[in-house]
Amino acid sequence: MENMGLIILIGVIGLLIVLFFVFVPVGLWISSLAANVKVSIFNLVGMRLRRVVPSKIVIPLIKATKAGLNVNVNQLEAHYLAGGNIDSVVDALIAAERAGIELPFEKAAAIDLAGRNVLEAVRMSVNPKVIQTPNVSAVAKDGIELLVKARVTVRADLERLVGGAGEETVLARIGEGIVTTVGSAASHKEVLENPDDISKLVLSKGLDSGTAFEILSIDVADIDVGRNIGAQLQSLQAEADKNIAQAKAEERRAMAVAKEQEMRAYVVEAEAEVPKALAFALREGKMSVMDYYDLQNIKADTLMREKIGEVKQEKIGEDVSE
């Protein structure tokens with residue numbers, strides 16, 4: 001029984017030792033001591049209890065200490081718990097310190113939590129980035145379209161990186177400036193002769209205000225002559241005017257046809273009154289029977305002549321066709 005109790009005691013002690021080494025990252029503690037980084041065992045245990053991965057804190061802390069940065073455990077742990085990327089922040093701080101850029105930990109952490117790549121921002125602050133605009137369509141006063149493509153050299157502004165607009169805003173503002181500059185030119189030839197005027201005018205507008213970047217230069221990379229917008233607009237206007245004139249002419253023709261139909265109705269109405277007038281004249285003795293017969297003979301003679309004329313016209317047509 002005594003042997004059994006001893007075996008159980010040894011097993012419990014061994015299990016406690018295993019749990020201790022599993023729960024307490026002794027290897028990280030030894031690494032921190034070797035790097036002269038003061039992290040106690042209790043801090044590591046507290047990280048475990050706060051569900052913080054100790055290696056995510058200790059390794060960046062060692063890296064920062066070796067680089068000569070003044071960063072403590074509480075700052076890194078708070079940033080980790082806030083959902084930040086500690087490795088990216090520490091790397092950015094080291095890069096800024098090597099480049100002589102003043103970047104406090106709080107500013108770097110704020111940039112990282114804002115969703116920006118703080119390391120990329122520091123690199124862009126040291127090494128400016130060139131972004132290229134798509135073809136910007138602009139029309140000069142003479143109606144000729146120009147397709148302008150520009151290269152923009154920008155540098156990240158760390159002070160305005162939090163809350164500042166991104167590259168899309170810069171490109172949109174530059175496109176607007178190009179359209180305004182080309183549109184104010186009297187002729188497209190002036191723009192082709194002096195493309196640097198676009199760069200000067202656009203750069204002088206301060207388009208980087210409110211953005212996370214500082215525009216260093218704007219260089220026109222390419223200018224192509226596009227469509228003759230003025231001629232196309234004139235052609236469309238002429239077509240529209242023609243359609244309007246045709247519509248008005250059709251309206252006048254319809255009115256004329258209606259007027260003709262109206263006049264014919266008046267004629268038919270008047271002809272309908274002739275028999276009444278003849279009957280009235282015969283009754284009143286204002287017209288004799290002989291006068292009536294003479295009138296009928298004249299009408300018959302006229303009708304006969306019209307028939308003869310129609311027959312002659314048909315014969316002439318047949319001769320021509322043969």
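Annotations for the structure displayed:
- Compactness of region 180-297 as Cα Rg over 2.2 N^0.38 Å, two decimals: 2.93
- ARG227 long-range amide H proximity, modeled H, under 5 Å: GLU145
- Once the 1.4 Å probe is applied to the protein heavy atoms, region 41-117 comes out at 53 Å² accessible per residue.
- Three principal axis lengths of region 116-203 [C-alpha, angstrom, descending]: 48, 21, 18
- Taking label positions 7 Å along the Cα-Cβ direction at both VAL45 and ALA165, the computed distance is 5.5 nm, reported to one decimal.
- Rg/Rh for region 199-256, where both radii come from Cα atoms and Rh is the Kirkwood radius: 1.48
- Taking label points 7 Å from Cα along the Cα-to-Cβ direction, LYS189 and ALA254 give a separation of 4.9 nm.
- Peptide packing for 293-304, 87-98, 179-190, 151-162 was compared via the average number of neighbouring C-beta atoms within 10 Å per residue; ordered from the highest value, the list is 87-98, 151-162, 179-190, 293-304.
- Cα centroid separation, region 107-133 to region 266-283 (Å): 103
- Where labels lie 7 Å past Cα in the beta-carbon direction, separation of GLU310 and ASN297 in nm: 2.5
- Bridging of LYS307 to lysines at a Cα separation below 27 Å is possible for LYS299, LYS315, once same-chain residues fewer than 8 apart are set aside.
- Share of carbon and sulfur in the accessible heavy-atom surface of the chain [1.4 Å probe, %]: 58
- Å² of accessible area per residue within region 125-273, as computed with a 1.4 Å probe and no ligands counted: 60
- Computed on the chain, with alpha-carbon pairs under 8 angstrom and 6+ residues apart, the relative contact order is 11 percent.
- Tail beyond 28 Å, pair distance distribution of the chain (Cα, percent): 72
- Taking a straight line from the alpha carbon of LYS66, these aspartates and glutamates sit under 19 Å away, with near neighbours fewer than eight places off in the same chain left out: GLU77, ASP87, ASP91, GLU97, GLU102.
- Global geometry of region 74-173, whether rounded, prolate or oblate, following the gyration tensor of its Cα atoms and the 1.5 cut on a/c: prolate
- Rounded to the nearest 0.05, the FRET efficiency derived from the C-beta distance between LEU216 and GLU176 at R0 = 30 Å is 0.95.
- Size of electric dipole in the chain: Cβ of Lys, Arg +1 and of Asp, Glu -1, about Cα centre, debye, nearest 20: 1900
- Note on the chain: helix-only mean residue ellipticity at 222 nm, from DSSP H runs of 4+ residues weighted -39500 (n - 2.57) and normalised by residue number, equals -22000 deg cm²/dmol.
- Membrane-span-like helices in the chain, defined here as complete DSSP H runs extending at least 15 Å along the helix axis by their C-alpha atoms with mean Kyte-Doolittle hydropathy no lower than -1.0, are 2-23, 54-66, 86-99, 167-183, 229-284, 289-321; this is a sequence and geometry rule, not a statement about a membrane.
- Candidate lysines - alpha carbon under 18 Å from LYS200, same-chain residues fewer than 8 apart omitted: LYS149, LYS189
- Equivalent-ellipsoid semi-axes for region 28-132 (Cα gyration tensor, √(5λ), whole Å, largest first): 27, 15, 9.
The values are calculated or read from the model by the stated rules, or taken from the named source; none is laboratory data. Here the structure is a predicted model, which is why all the values come from computation and not from measurement. No Cβ is skipped: glycine too gets one built from the backbone with ideal geometry, and neighbour counts run over all protein chains shown. Note: accessible area is taken over every heavy atom of the protein model, side chains too, but ligands, DNA and RNA are not part of it. Shrake-Rupley method; radii C 1.70, N 1.55, O 1.52, S 1.80 Å.
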